[in-house]
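One structure is given here, and the rest of the page talks about it.
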Amino acid sequence: MQTEIDSPAVITAPAAARRWVALRSPSRRVAVVPTMGALHEGHLALVRRAHELADDVVVTIFVNPTQFAPHEDLSRYPRPIDDDLRMLRRERVAMVFMPSIEAIYPAGFSTFIEPPAVGVPLEGERRPGHFRGVCTVVLKLFQIVPAHVAIFGQKDFQQACVIQAMVRDLDLAITLDIMPTVREAGGLAMSSRNRYLTETERGRALSINQSLTAAANLYSSGQRQVRALEAVMHEKLAIGSPGGVDSIDYACVVNAETLLPIETVDDSAAALIAARVGNTRLIDNHVFSNLTR
Ligand code: AMP
């Protein structure tokens, strides 16, 4: 049994990672938590959930270039690898898979996954190619680390929908588990990108959660008209005002399964926001259901 002071095995070669999993006893369940590093309590909640679901927990750290557009933050994305490994040691992670870009995309690599329909609106429109990169790397990670279960966060709501659809459509032999969003004290959803925010920007970023809370409260008071829910969201985001965000990519209420527009909230719906504070693009969401949040 591993103790807290044991270091996780750090593996960079895909073949070695696959071998590491294959050498587990067949009776041991393996969980994988895919991340891009710069770990925070949100990631660690996924790791703790992984321990509940499996015997051995694997975390992958890979800043995947194919999911970033040329103008996005790939080059400045934080990579505090020593801190990350220290946290994962404390969380009793058995193996960290940390490949180079060349190991995942060797010369001549040319096969990509076409994302499912649920990846077409919202992020799909604002970040063309993003989910193509996400699906391709996640499928590769599932191949390299053939785990029984993978844990993802609801923070990236559309990404979770996309991966669920991919697993279903391609008959992947893995179970998915989606964990609620972990927030900072003021309600800001934890994100590796929060490191980019200045003190004042951090204050203004709170308007994103406040906007979702306002929509949730309005929903609780009986409002089911999407137009009214979206109006209060935009009001709280207070675009351009001293306490608000600088721009909004979307702030909308959609069907929680298809992510397509609706007029009235009935069975299930989700409020999704992508907004910019300074140079930082932040996303957050709220699912209108008594079971989450
Ligand atoms: P990332 O490193 O941002 O690609 O995220 C890796 C995983 O952690 C994804 O499944 C995210 O949805 C999840 N995650 C990121 N932030 C949070 C959060 N605040 N709470 C819960 N899960 C999160």
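The values are calculated or read from the model by the stated rules, or taken from the named source; none is laboratory data. Small disclaimer: the values here were computed from a predicted structure and weren't measured. For neighbour counting, all protein chains shown are included, and Cβ atoms are generated from backbone atoms with ideal geometry for every residue, glycine included.
Screening residue 149 on (1) within 12 Å of the ligand (Cβ to nearest atom); (2) surrounded by fewer than 22 Cβ atoms within 10 Å (Cβ to Cβ); (3) among the hydrophobic types (A, V, I, L, M, F, W, C) shows it passes everything except condition (1). Taken together, 270, 274 contain a single residue that is of a type in the set (A, V, I, L, M) and either in contact with a Lys or Arg (Cβ under 9 Å, 6 or more places away or on another chain) or surrounded by fewer than 18 Cβ atoms within 10 Å (Cβ to Cβ) (or both), which is 274.
Determine whether the range 103-112 contains at least one residue that is in contact with a Cys (Cβ under 9 Å, 6 or more places away or on another chain) and away from the ligand (no atom under 14 Å from the Cβ). Taking every residue of the range 103-112 in turn, at least one turns out to be in contact with a Cys (Cβ under 9 Å, 6 or more places away or on another chain) and away from the ligand (no atom under 14 Å from the Cβ).
Of all residues in the range 45-68, exactly one satisfies the criterion of being part of a helix (DSSP H, G or I), within 9 Å of the ligand (Cβ to nearest atom) and surrounded by fewer than 20 Cβ atoms within 10 Å (Cβ to Cβ), namely 45. Is it the case that residue 4 is acidic (Asp, Glu), at pLDDT below 95 and surrounded by fewer than 20 Cβ atoms within 10 Å (Cβ to Cβ)? Against the criterion (acidic (Asp, Glu), at pLDDT below 95 and surrounded by fewer than 20 Cβ atoms within 10 Å (Cβ to Cβ)), residue 4 qualifies. For residue 38, the conditions (1) assigned to a loop (DSSP other than H, G, I, E, B); (2) more than 20 Å from residue 15 (Cβ to Cβ); (3) more than 15 Å from the ligand (Cβ to nearest atom); (4) out of contact with any Lys or Arg (no Cβ under 6 Å at 6 or more places or on another chain) all hold with the exception of (3). Counting only residues that are surrounded by fewer than 17 Cβ atoms within 10 Å (Cβ to Cβ) and within 15 Å of the chain's Cα centre (by Cα), the range 163-176 holds 2 of them.
Note on the range 159-188: residues that are part of a helix (DSSP H, G or I) and more than 10 Å from the ligand (Cβ to nearest atom) total 8. Considered as a group, the residues in the range 189-201 that are of a type outside the set (Lys, Arg) and closer than 26 Å to residue 163 by Cα include one that is farthest from the ligand (Cβ to nearest atom), and that residue is 194. Put simply, of 28, 18 the only residue that is out of contact with any His (no Cβ under 7 Å at 6 or more places or on another chain), among the charged types (D, E, K, R) and either within 13 Å of the ligand (Cβ to nearest atom) or not in a helix (DSSP H, G or I) (or both) is 28.
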